[in-house]
């Protein structure tokens with residue numbers, strides 16, 4: 001199965017659109033992990049085990065590993081997910097963007113070294129900067145389109161002859177760049193009207209939506225604006241609101257927060273899924 | 001000294017606008033390095049030692065390390081350059097782009113873990129995505145503006161109300177985002193007319209110019225279009241054409257190629273510098 005097929009199967013099996021973002025922050029770990037040489041791996045494994053039946057995807061964020069010299073722990077974490085939860089796709093959040101031989105190296109990093117199923121990529125350098133990722137036919141990319149931060153409008157909202165820049169990116173990702181059906185888009189939950197516009201442009205393209213929880217997006221309007229046909233099409237990411245819900249019992253807190261968020265999302269899906 | 005001051009001092013001392021890009025490719029290393037556990041570090045050190053008196057900067061490209069699980073060798077390489085050639089700034093080519101706590105982690109990766117003097121950054125996510133780098137007052141960023149690849153026009157050439165997208169980025173980098181004078185721009189050598197336009201917009205902002213050598217940019221028109229007042233303002237990068245000039249004697253080949261390129265660049269500078 002390629003990435004999009006795996007994602008469809010995972011949406012179906014989990015009855016969840018929730019993605020848990022793995023953004024480990026050692027300063028927020030419980031005291032019992034202090035001093036462990038692989039505390040980042042252990043913390044993330046606790047979260048993964050506590051939430052695996054509640055999610056459609058996991059999304060480790062690479063900077064939270066690389067800033068701590070923890071690349072090996074990231075390799076081990078993704079291997080752990082594949083081994084124990086082979087039906088759950090892993091999206092490596094790296095937002096890479098480069099060309100030619102360098103993009104080939106980034107693709108090798110994401111897909112060979114880390115064995116991710118998909119990677120987030122920045123579209124600013126254009127079509128040939130994403131081609132090296134698409135050369136892996138079973139893998140996917142999630143292209144930045146309309147991000148959830150206050151400054152995202154500096155470029156993304158510029159009018160480019162009747163279409164905003166992010167709408168151009170959505171169209172390129174849905175048409176010209178998606179000949180092998182490998183593309184998804186990153187669209188912040190802070191702008192539901194724009195999610196609706198992107199859904200209109202892209203048909204059933206998967207949308208990876210950060211900004212729920214700590215960043216304050218409105219869940220109902222996000223789900224209603226973003227769902228594709230059959231009530232899927234969204235990968236709704238939450239990181240901090242799940243990982244750090246309970247500072248003493250991260251696994252218990254994460255499970256409770258993830259279950260609540262999955263259920264809240266499902267209330268607004270049409271048709272509503274049957275939770276296993 | 002902050003990054004821009006170091007760069008000015010380095011241009012002055014070296015009488016060179018050449019930057020050697022450290023893009024190690026183990027498949028192109030000489031046979032004597034095969035089997036070495038730190039072949040990437042050793043190869044790069046040979047190149048650094050052979051060219052240090054001919055360059056204004058070094059620019060290691062991180063994907064060429066991370067795809068080979070060689071982060072430690074990258075740390076060691078940058079430490080080696082700082083120790084042995086403390087006057088030469090190191091630009092980490094990583095093209096990162098993210099927000100909030102994640103961008104803080106990327107900044108920590110570049111400036112604390114790797115101790116780079118500057119890092120390349122993607123502007124697509126807007127002003128708040130670059131703020132965490134600018135929070136290090138002695139460090140710099142080189143923002144992608146007009147890149148040298150064929151697909152770069154997909155977004156960068158879009159007309160945004162009388163200015164192309166890359167011109168908007170140039171203006172933001174020169175004005176709104178540069179309050180503490182920490183910004184440079186990445187501008188491909190394949191478009192000299194656009195280098196001239198960017199120079200016009202940005203005054204004396206440093207321009208990091210890839211695309212010389214293997215990518216085929218024209219040196220004379222690049223230098224004439226891009227030099228700032230006093231014949232500086234350019235960081236002209238060459239990677240493969242220097243690193244792999246001689247497959248048997250990489251150091252000798254690199255020195256010869258770097259000297260030729262430095263001299264060729266200097267022929268077109270006005271005023272011409274006095275080489276030490």
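The values are calculated or read from the model by the stated rules, or taken from the named source; none is laboratory data. Everything quoted here is computed from the prediction, not taken from an experiment. Neighbour counts are summed over all protein chains in view; Cβ atoms, including those assigned to glycine, are modelled from backbone coordinates with ideal geometry.
In region B:203-221, the qualifying residues are those that are crowded, with 20+ Cβ neighbours inside 10 Å and not in a loop (DSSP other than H, G, I, E, B), and the one that is farthest from the chain's Cα centre (by Cα) is B:217. In this entry, residue B:140 passes the filter for residues that are touching a residue at least 40 places away in the same chain (Cβ under 8 Å), under 18 Å from residue B:55 (Cβ atoms), in contact with a strand residue (DSSP E or B) (Cβ under 8 Å, 6 or more places away or on another chain) and away from every other protein chain (no Cβ under 14 Å).
The set of residues from region A:179-202 being surrounded by fewer than 20 Cβ atoms within 10 Å (Cβ to Cβ) and in a loop (DSSP other than H, G, I, E, B) comprises A:179, A:180, A:181. Each residue in region A:234-276 was checked for being without any contact (Cβ under 8 Å) to a residue 24 or more places away in the chain and in contact with a helix residue (DSSP H, G or I) (Cβ under 6 Å, 6 or more places away or on another chain), and 3 pass.
Does residue A:197 fit the bill of being more than 18 Å from the chain's Cα centre (by Cα), at pLDDT 95 or above and closer than 27 Å to residue A:263 by Cα?
On the way: more than 18 Å from the chain's Cα centre (by Cα): yes; at pLDDT 95 or above: yes; closer than 27 Å to residue A:263 by Cα: yes.
Considered against the rule, which asks whether it is more than 18 Å from the chain's Cα centre (by Cα), at pLDDT 95 or above and closer than 27 Å to residue A:263 by Cα, residue A:197 comes out as yes.
In region A:61-71, is there at least one residue being farther than 27 Å from residue A:266 by Cβ, within 14 Å of another protein chain (Cβ to nearest Cβ) and touching a strand residue (DSSP E or B) at 6+ places or on another chain (Cβ under 6 Å)? Yes, there is a match, as at least one residue in region A:61-71 is farther than 27 Å from residue A:266 by Cβ, within 14 Å of another protein chain (Cβ to nearest Cβ) and touching a strand residue (DSSP E or B) at 6+ places or on another chain (Cβ under 6 Å). For region A:222-251, taking the residues that are in a loop (DSSP other than H, G, I, E, B) and more than 30 Å from residue A:43 (Cα to Cα), the one that is modelled with the lowest pLDDT is identified as A:228.
Anything in region A:13-42 that is more than 14 Å from chain B (Cβ to nearest Cβ), outside any loop (DSSP other than H, G, I, E, B), farther than 20 Å from residue A:213 by Cβ and in contact with a helix residue (DSSP H, G or I) (Cβ under 9 Å, 6 or more places away or on another chain)? List them, or say none. Talk me through it step by step, then tell me what you get.
From region A:13-42, those more than 14 Å from chain B (Cβ to nearest Cβ) are A:13-20, A:29-39, A:41-42; that's our starting set.
Now restrict to residues that are outside any loop (DSSP other than H, G, I, E, B): A:13-14, A:18-20, A:31-33, A:39, A:41-42.
Then keep just the ones that are farther than 20 Å from residue A:213 by Cβ; that gives A:13, A:31-33, A:39, A:41-42.
Once the filter is applied, which keeps residues that are more than 14 Å from chain B (Cβ to nearest Cβ), outside any loop (DSSP other than H, G, I, E, B), farther than 20 Å from residue A:213 by Cβ and in contact with a helix residue (DSSP H, G or I) (Cβ under 9 Å, 6 or more places away or on another chain), region A:13-42 yields A:33, A:39, A:41, A:42.
Kindly check whether there is at least one residue in region B:88-100 that is out of contact with any strand residue (DSSP E or B) (no Cβ under 8 Å at 6 or more places or on another chain), at the interface with chain A (Cβ under 8 Å from one of its Cβ atoms) and either within 28 Å of residue B:17 (Cα to Cα) or crowded, with 24+ Cβ neighbours inside 10 Å (or both). Yes, region B:88-100 contains a residue that is out of contact with any strand residue (DSSP E or B) (no Cβ under 8 Å at 6 or more places or on another chain), at the interface with chain A (Cβ under 8 Å from one of its Cβ atoms) and either within 28 Å of residue B:17 (Cα to Cα) or crowded, with 24+ Cβ neighbours inside 10 Å (or both).
Is it true that some residue in region A:43-50 is touching a residue at least 24 places away in the same chain (Cβ under 8 Å), within 14 Å of chain B (Cβ to nearest Cβ) and crowded, with 21+ Cβ neighbours inside 10 Å? Looking through region A:43-50, none of the residues is touching a residue at least 24 places away in the same chain (Cβ under 8 Å), within 14 Å of chain B (Cβ to nearest Cβ) and crowded, with 21+ Cβ neighbours inside 10 Å. Note on region B:108-132: residues that are more than 8 Å from every other protein chain (Cβ to nearest Cβ), within 30 Å of residue A:177 (Cβ to Cβ) and surrounded by 24 or more Cβ atoms within 10 Å (Cβ to Cβ) total 5.
Residue A:147 meets the conditions (1) over 20 Å from residue A:20 (Cα atoms); (2) within 11 Å of another protein chain (Cβ to nearest Cβ) in every case but one. The failed one is (1).
For region A:28-42, taking the residues that are farther than 14 Å from residue A:69 by Cβ and without any contact (Cβ under 8 Å) to a residue 60 or more places away in the chain, the one that is surrounded by the most Cβ atoms within 10 Å (Cβ to Cβ) is identified as A:42. Residue count for region A:167-184 satisfying the condition of being more than 19 Å from residue A:96 (Cβ to Cβ) and facing another protein chain (nearest Cβ under 10 Å): 2.
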